[in-house]
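All remarks here apply to the structure that follows.
Values quoted throughout were computed directly from the atomic coordinates according to the rules given, and no laboratory measurement underlies them. In this text, all values refer to a predicted model and were calculated from it rather than measured experimentally.
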Amino acid sequence: DRYSASTRRMAPRSPMAAPLRRCSRPRFPRLGAFECELEVTSELTNRFGTLHGGCVATLVDVLTTVALLTMTTRGGVSTDLSCSYCAPARLGERVTVTCEVVKMGKTLAWMECRVRRKEDGETVATGRHTKFLPVGRASKL
């Protein structure tokens, strides 16, 4: 299935694939899209007991790449990543993560991500991610 293929491409033993291992109910609603759920555990919280901003940034980075890998085998390298934090997700709450490829060109791909509290649908954070997609074996980056 596409989830397994995406996790294999991201080297599942790598620390960067950790968000994938925490995801439950992974779904690919269409090509270029990925959704999953995640429980906010103590390892993912800041000193206020809410989902850590660095964790959100990692989710945006890794899970938008999973969406991208449904369209190409070229995982690319990040050129831009931004997050906006809108509301807290507290310890023990579940969040849904929705990612999609907005556009993919020959050398660049643009993705977006939204993290929502499952209970009330409130947006916890949004993220945007741009990746350079190498065209050949060697890249100038």
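Tabulated data
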| quantity | calculated |
| --- | --- |
| Aspartates and glutamates with Cα under 14 Å of LYS131, excluding same-chain neighbours fewer than 8 positions away | ASP61, ASP80, GLU100, GLU112 |
| The range 50-141: equivalent-ellipsoid semi-axes (sqrt of 5 x gyration tensor eigenvalues, Cα, Å) | 28, 12, 10 |
| Under the Karplus curve 6.51 cos²θ - 1.76 cosθ + 1.60, θ = phi - 60°, whole-Hz ³J(HN,Hα) for the range 116-133, x wherever Gly or Pro sits | 10, 5, 5, 4, 10, x, 4, 6, 8, 7, 10, x, 10, 9, 10, 10, 7, 10 |
